1. Counting only residues that are assigned to a strand (DSSP E or B) and within 16 Å of ligand 2 (Cβ to nearest atom), which one in the stretch 189-207 is nearest to the chain's Cα centre (by Cα)?
2. Output the residue which, of all residues in the stretch 50-70 that are of a type in the set (A, V, I, L, M, F, W, C) and at pLDDT below 95, is surrounded by the most Cβ atoms within 10 Å (Cβ to Cβ).
3. Please identify the pairs in which a residue from the stretch 432-445 that is within 15 Å of ARG465 (Cα to Cα) has its Cβ atom under 6 Å from the Cβ atom of a residue that is hydroxyl-bearing (Ser, Thr, Tyr) and in a loop (DSSP other than H, G, I, E, B), counting only partners at least 6 apart or on another chain.
4. Against the conditions (1) touching a residue at least 40 places away in the same chain (Cβ under 8 Å); (2) surrounded by fewer than 20 Cβ atoms within 10 Å (Cβ to Cβ); (3) touching a Ser or Thr at 6+ places or on another chain (Cβ under 8 Å), where does MET126 fall short? Just the number, please.
5. Against the condition surrounded by fewer than 17 Cβ atoms within 10 Å (Cβ to Cβ) and either of a type outside the set (Ser, Thr, Tyr) or in contact with a helix residue (DSSP H, G or I) (Cβ under 9 Å, 6 or more places away or on another chain) (or both), how does THR148 come out, does it pass?
6. Of all helices (runs of 4 or more DSSP H) completely enclosed by the stretch 40-147, which ones contain at least 2 residues that are more than 23 Å from the chain's Cα centre (by Cα)?
7. What number of residues within the stretch 433-469 satisfy the criterion of being crowded, with 18+ Cβ neighbours inside 10 Å, under 25 Å from the mean Cα position of the chain (by Cα) and not in a loop (DSSP other than H, G, I, E, B)?
8. Go through the stretch 272-388 and tell me which strands (runs of 3 or more DSSP E), entirely inside it, have 3 or more residues that are within 16 Å of ligand 2 (Cβ to nearest atom) and in contact with a His (Cβ under 7 Å, 6 or more places away or on another chain).
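The values are calculated or read from the model by the stated rules, or taken from the named source; none is laboratory data. Predicted model, so just to flag it, every value in this text is computed and none were measured. Positions of Cβ are generated from backbone atoms using ideal geometry, with glycine treated the same way; all protein chains shown enter the neighbour counts.
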Amino acid sequence: MYSEADLNSIDITAAPPLEEPQRQYYFIAKCREWLNEKKKKNGTLPKACVVNMGCQMNARDSEKLEGILKAIGYELTSQEDADFLLMNTCTVRENANLKVYGRLGQLKRQKQTHPDMMIALCGCMMQESLVVEKICESYRHVDILFGTHNVFKLAELLYKRIQPNTGMVIDIWEGTDEIVEDLPSERKYSFKCGVNIMFGCNNFCSYCIVPYVRGRERSRQPEDILAEIRALAASGVTEVMLLGQNVNSYGKTLPEPISFAELLRRVEKIEKIRRIRFMTSHPKDLSNELIEVMASSEKICRHLHLPMQSGSSKVLKDMNRRYTKEDYLALVERIRSAIPDISLTTDIIVGFPTETEEDFEETMDVVRRVRFDSAFTFLYSRRTGTPAASMQPAADESQVKERFDRLLCEVQKIARDTCSRYEGQVMEVLVEGPDEQAPGALTGRLSNNLLVHFPGSADLIGTYRMVRLSEAKGFYYMGELA
Ligand code: 5AD
Ligand code: SF4
C-alpha cells in the first residue's frame, strides 16, 4: 500500500523506475521538490482543484487525482481559481461537452491575469479524437490533457509539463490491460468510499459512447479488491460502494473466473464493513445467485439501480440492450418477491431515434407497473461514432420534449408516493454530514438510499443511528433521533 514514507526514501537524482507504481511515486517526489521551490519563492501554499463532471466512476477517479495532487504538496480546494485546475470530464451526453468548452473560454481570460495557473483536462471526453483536435486548435491555454486509462500518470505528466520549453502535454491511450494499484487517494468521506471492481464496458448499447471512451471490460483481481476494502475498513470506512459500468458481469473475463455474487459474499465477511452498495447493474446479467445473496445479506443495502432505458421491446432491441419489456418486468418481479423492501431506481432515455408515440407509451406502462422509487430521465443525445447516431429520428424535437415532460411528471408523482411508504417508522441511517439547508441539523442515508434530515450534533457524523422518519417530503424525510 502507498504511504508517505515511500516518497521520502526515493532517490530523485536517479533515472525513473520503469515499473508501476514505483515510477509514479518517483514523479510525485520530483513534482513535490518543484512545488516546494515554488512555495518558498512565492511564500504561499499552491492550491489545486479537481472538478468532477461525471458519474461515480469519475468521482472515484477524482479522489485518486486529488490524492496524487495532495501527495505532491498542493492544498486541495473547491475554488476553481486555483493554481492547478483539473477538470475530470464526462461525455455521455452532448451538453456535458458544451459545458467544458464554455468553461475553457472563461478560463482563457482567467489565465491571462494568472499566467502561472495550470489547466488540465482528463476523463471520458478526452478519449474522443475530435475533442482533442478542437482543444489543440482553439484552447491553447490548456496545459495537460489525458484520458481515462492513465489517470495514475498525473504526476509524470505534470513533471513533463514543467520542463523548459514544453507546450501542451497530451497523453491519451486507446485502451489498456494495465490496472495500476496502490496510488494515493484523497477520500471525500472518512467513513464511506467507492471501490472500483472493474473498468470499461463490453455491451455496446447503440446510443452509448462509454465502450469507446472507457475501453473493454477489465475486472480487478478479487484479492486486490478485498485487500483494498480491508485497508479501508482498518482506516474507519464502514460503507463501500463497488463500482463498475456493469458490475453483474464482474469476474467473467478473469483467468480464474468468479461471479459478482461470490465477490459480494467475500466482501461481506470483512468484519468492520457494515454496508455494501454497488453500481451499475445491467438487467441482462443480473443473476438469481445475486438476488439470493442480496436477500440473505445483512450488509448489502436495500437498493438496486437497474437501468431500463426504454419500456418498448422494439426500442430495446434497437438499443442493443438484449432484454425485452417482459424480461425486465419478470426480473423486477423476481427481485421484489425475494427482497420485498428493496428500493428500485432506474435510468430512462426519451427520444431514442426509433421511438414512436406507441413505444413511449410502453415506457410509461412499465413506469406505472414497476413504480420506481426514483428514475433518472434523459433526453436522447446523439453521440458521434455510436450506431444510433446514423438512425433517422422518428419524432421531432418538440414531440420528444413533450414526452420527456410527461414522463418526468409521472415518475415524480410515483416516486413521491413510494418514498413516503416508510413514514412513521424507525430506521437506521449512516450519518453523512451536516444538513446543508439547516444549521444544527444532520443528513443521514437509509439503506434504501433515501436521505433523512434531523436535528443532531456534528459528533454523530460517520456513525449509525436509529431515526424516526417523521415526515415524508417527497424524495427525502424529515426525522428525529429515536
Ligand atoms: N443519450 C442520453 N442518455 C444517455 N445515457 C447514456 N448514453 C446516452 C445518450 N447518448 C444515459 C443512460 C445511462 C446513463 C448513465 O446515461 O440512461 O444509463
Ligand atoms: Fe453504456 Fe450500455 Fe455499457 Fe451502460 S451498459 S456503459 S449504457 S454501453
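1. So the residue we want is ASN196.
2. Checked the stretch 50-70; the qualifying residue surrounded by the most Cβ atoms within 10 Å (Cβ to Cβ) is MET57.
3. none
4. With respect to (1) touching a residue at least 40 places away in the same chain (Cβ under 8 Å); (2) surrounded by fewer than 20 Cβ atoms within 10 Å (Cβ to Cβ); (3) touching a Ser or Thr at 6+ places or on another chain (Cβ under 8 Å), MET126 is out only on (2).
5. Spelling it out, it is not the case that THR148 is surrounded by fewer than 17 Cβ atoms within 10 Å (Cβ to Cβ) and either of a type outside the set (Ser, Thr, Tyr) or in contact with a helix residue (DSSP H, G or I) (Cβ under 9 Å, 6 or more places away or on another chain) (or both).
6. Qualifying helices (runs of 4 or more DSSP H): 94-113, 129-138.
7. Total satisfying the criteria: 7.
8. Per the criteria, no element qualifies.
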